[in-house]
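A quick write-up on the structure given underneath.
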Amino acid sequence: MNAFRTILGKDLRTELRTLESIPAMALFAATTFVLFRFGLDRTSLEGSLAAGVLLATVLFAAILAINRVFVSEREQGGFDVVRLAPVDGTALFAAKVCVLAIYLVVLELIAVPLFALLFLDSAAGLAPLALVLAMVDLGLATIGALVSSIAINSRARDLIAPLLLLPLLVPVMIAAAGAAEPLLAAGGPSYDGFGKWIAVLALYDVVFGLVGYAVYDFLLED
Amino acid sequence: MPALPLDEAGKYVAGAYVVFLALLLIYVAIMATRLQRIDRELAELAELAERRDDRSVRDPDGADAGGERPANDPGTPGREAEDVPGGDLRRSSRQEVS
Amino acid sequence: MNFRSPRILPWLTVVTLTAGFALVFFFAPNDADQGFIQKIFYLHVPLAICALVGFMVAAVQAIIHLRGGDSKWDVRSYVSIHISIILGVAVLITGAIWARASWGKWFVWDEPTLVSFLIVFLLYCTYYPLRYAIEDRERQARYASVFAVTAGAFVPLNFIAVRLAETLVHPRVFATSDSGLPPKMWITFLVCLAGMGLLWETLVRFELAAKSSRARLGRLRRALEGDDVGVAGSRIAPLAHGATETS
């Protein structure tokens with residue numbers, strides 16, 4: 001628990017001081033919205049298109065953070081410290097999941113209002129959407145921390161991480177888009193199949209949380 | 001869904017089974033190539049061993065090889081596995097890199 | 001490692017699979033709905049089942065590898081995935097042909113099983129780049145096993161998600177795979193499935209034997225040449241590719 005807090009605190013402090021990840025993610029999201037505006041040639045979005053644009057943007061912005069989340073560990077020998085110190089992998093894994101989840105929440109606090117401002121006619125669906133996004137963040141953070149630790153020790157790590165991530169994230173995308181689509185529908189939000197999709201997201205988060213918990217130690221030993 | 005007439009459907013069904021057969025044959029062809037390479041190497045090694053037998057009376061294989069590199073003890077599964085996962089792929093990737 | 005299979009297995013595979021295909025064309029009745037085209041079912045579905053089961057087997061082998069650290073289980077996991085991917089190619093191609101014949105399109109996005117399979121296939125394809133991006137052999141084996149476990153957990157989850165995404169009641173042309181399958185079709189299907197399972201196992205053993213003999217060959221070469229070359233320590237780095245570098 002102590003190690004968990006230390007690692008989490010260290011990463012958040014580093015981020016606050018250097019502002020390496022979150023501003024880049026926010027800028028990326030804003031630019032992507034602009035690209036979608038012209039790519040789709042639409043000035044307002046609703047339903048599945050809105051859900052797709054928002055979720056794809058969040059997902060790709062998350063990849064930026066996921067690529068960076070272990071960089072400091074690698075460059076400054078953090079892995080060795082974790083290996084040498086009596087810290088088990090679970091604490092590191094949990095801390096990294098939390099760091100990623102916090103980054104994503106902060107990103108969404110910026111990106112979602114911006115998205116609503118740019119594309120949505122009404123902000124009515126945003127409150128329940130927050131729940132969906134929270135579950136998505138947890139899934140992205142879990143699988144992101146896992147994949148990032150795999151990728152960071154490989155040669156072409158910037159390439160490997162997205163390559164592994166994208167197929168793994170397909171179920172998240174399916175479930176999140178399924179839940180978000182009726183929420184962002186043109187005629188005001190509806191809760192068609194909302195519970196079902198939340199359950200799928202929860203299942204995903206739990207399963208990969210457990211997988212990460214079970215296998216993470218093996219990624220650290222050397 | 002309306003059933004396709006036999007002459008139409010037959011082509012697709014035949015196509016599917018042909019694809020399966022073709023993949024199997026491709027696999028066999030790849031394995032045959034590999035077998036040939038193994039055979040070639042074995043021939044080389046056999047020649048090497050014979051030459052060495054002519055040169056020296058004592059049997060260097062067992063004693064020397066084992067003595068020099070105890071880590072390479074034949075029969076350690078780890079050694080074997082090192083060569084194993086996709087040596088050919090790794091080799092091709094190395095060639096691309098270099 | 002002794003992968004010498006019982007000699008009976010390949011023959012059993014040949015007999016079962018041939019018998020299965022014979023049953024498909026001479027015994028199983030034509031499907032009432034789809035007619036002759038339904039015969040792809042006996043090829044496509046067993047292939048898909050074997051490929052997916054193969055991925056799960058790989059996950060189990062990876063767990064054994066992680067728990068025990070014995071690298072032969074990593075090799076087995078690798079070969080299981082390798083053969084399953086080959087079968088996966090066949091699944092996607094036969095599936096595309098079936099879709100073309102049934103719906104007039106090569107790929108159908110609202111057929112959940114096909115889409116799930118594509119996603120799983122794409123995921124497992126990243127296994128190769130992952131393996132070859134990691135230099136250290138021991139770490140490579142460990143990371144590959146972690147991947148195999150993660151992907152193994154992903155397979156059922158993905159099928160749940162994609163199936164749920166199916167909007168309302170899609171007219172299921174694959175309805176034959178439900179309980180309504182007549183006994184003659186069932187028998188044919190089961191024989192084909194058994195044959196395909198045996199084929200998977202045969203190919204896995206074949207591949208394992210090939211890999212192990214190449215590794216043995218490399219060792220033999222090192223043992224023979226090592227005497228002439230006489231530098232054991234300096235060859236450690238290329239040793240890992242000893243079996244292939246000299247060819």
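Restrict the check to segment C:48-60 and report whether at least one residue is over 23 Å from the mean Cα position of the chain (by Cα), more than 17 Å from residue B:24 (Cβ to Cβ) and surrounded by fewer than 22 Cβ atoms within 10 Å (Cβ to Cβ). The answer is no; no qualifying residue exists. Could you check how many residues of segment A:114-129 are touching a residue at least 12 places away in the same chain (Cβ under 8 Å) and in a helix (DSSP H, G or I)? Residues flagged as touching a residue at least 12 places away in the same chain (Cβ under 8 Å) and in a helix (DSSP H, G or I) within segment A:114-129 amount to 7. Exactly one residue out of A:202, A:151, A:214 is small (Gly, Ala, Ser), within 11 Å of another protein chain (Cβ to nearest Cβ) and either surrounded by 24 or more Cβ atoms within 10 Å (Cβ to Cβ) or within 22 Å of residue A:62 (Cα to Cα) (or both): that is A:151. The residues on offer are C:40, C:119, and the sole one that is assigned to a helix (DSSP H, G or I) and either on the phi > 0 side of the Ramachandran plot or within 12 Å of chain B (Cβ to nearest Cβ) (or both) is C:40. Of the set (1) buried (at least 24 other Cβ atoms within 10 Å of the Cβ); (2) within 14 Å of chain C (Cβ to nearest Cβ); (3) more than 15 Å from the chain's Cα centre (by Cα), all apply to residue A:192 but (1). The conditions of being touching a helix residue (DSSP H, G or I) at 6+ places or on another chain (Cβ under 8 Å) and either more than 8 Å from chain C (Cβ to nearest Cβ) or buried (at least 21 other Cβ atoms within 10 Å of the Cβ) (or both) are met by residue A:146. Selection of first residues in segment B:28-45 that are within 18 Å of residue C:82 (Cα to Cα) and of second residues that are surrounded by 12 or more Cβ atoms within 10 Å (Cβ to Cβ) and not small (Gly, Ala, Ser), restricted to Cβ pairs under 8 Å at least 6 apart or on distinct chains, gives the following pairs, ordered by first then second residue: B:31/C:206; B:34/B:88; B:34/C:214.
Inside segment C:79-95, residues that are under 18 Å from residue C:205 (Cβ atoms) and more than 7 Å from chain B (Cβ to nearest Cβ) make up a count of 8.
For the structure I just gave you, tell me whether residue C:96 is among the small types (Gly, Ala, Ser) and assigned to a helix (DSSP H, G or I). In short, yes. In segment A:100-132, what residues are within 14 Å of the chain's Cα centre (by Cα) and surrounded by 23 or more Cβ atoms within 10 Å (Cβ to Cβ)? Answer for segment A:100-132, where residues must be within 14 Å of the chain's Cα centre (by Cα) and surrounded by 23 or more Cβ atoms within 10 Å (Cβ to Cβ): A:100, A:103, A:104, A:107, A:108, A:111, A:132. Taken together, the residues in segment C:122-140 that are at the interface with another protein chain (Cβ under 7 Å from one of its Cβ atoms), in a helix (DSSP H, G or I) and touching a helix residue (DSSP H, G or I) at 6+ places or on another chain (Cβ under 8 Å) amount to 8. Residue C:4 meets all of the listed conditions (1) more than 12 Å from every other protein chain (Cβ to nearest Cβ); (2) at pLDDT 90 or above but one, namely (2). Looking across segment C:64-78 at every residue that is in a helix (DSSP H, G or I) and of a type in the set (Gly, Ala, Ser), the one that is nearest to the other protein chains (Cβ to nearest Cβ) is identified as C:71.
Condition check ((1) modelled with pLDDT under 50; (2) within 25 Å of the chain's Cα centre (by Cα); (3) surrounded by 13 or more Cβ atoms within 10 Å (Cβ to Cβ); (4) within 7 Å of chain C (Cβ to nearest Cβ)) across all residues:
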residue	(1), (2), (3), (4)
B:1	yes, no, yes, yes
B:5	no, no, no, no
B:12	no, no, yes, yes
B:16	no, no, yes, yes
B:19	no, yes, yes, yes
B:27	no, yes, yes, yes
B:33	no, yes, no, no
B:48	no, yes, yes, yes
B:68	yes, no, yes, yes
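Here the condition is being of a type in the set (A, V, I, L, M, F, W, C), more than 9 Å from chain C (Cβ to nearest Cβ), closer than 19 Å to residue A:137 by Cβ and assigned to a helix (DSSP H, G or I); of A:175, A:180, it holds for A:180 alone. Within segment A:43-87, the residues that satisfy the criterion of being without any contact (Cβ under 8 Å) to a residue 40 or more places away in the chain and outside any helix (DSSP H, G or I) are A:76, A:77, A:86.
The values are calculated or read from the model by the stated rules, or taken from the named source; none is laboratory data. All of these numbers come straight from a predicted model, not from anything done at the bench. Quick reminder, even Gly has a Cβ in these numbers, built from the backbone with ideal geometry, and neighbours come from all protein chains shown.
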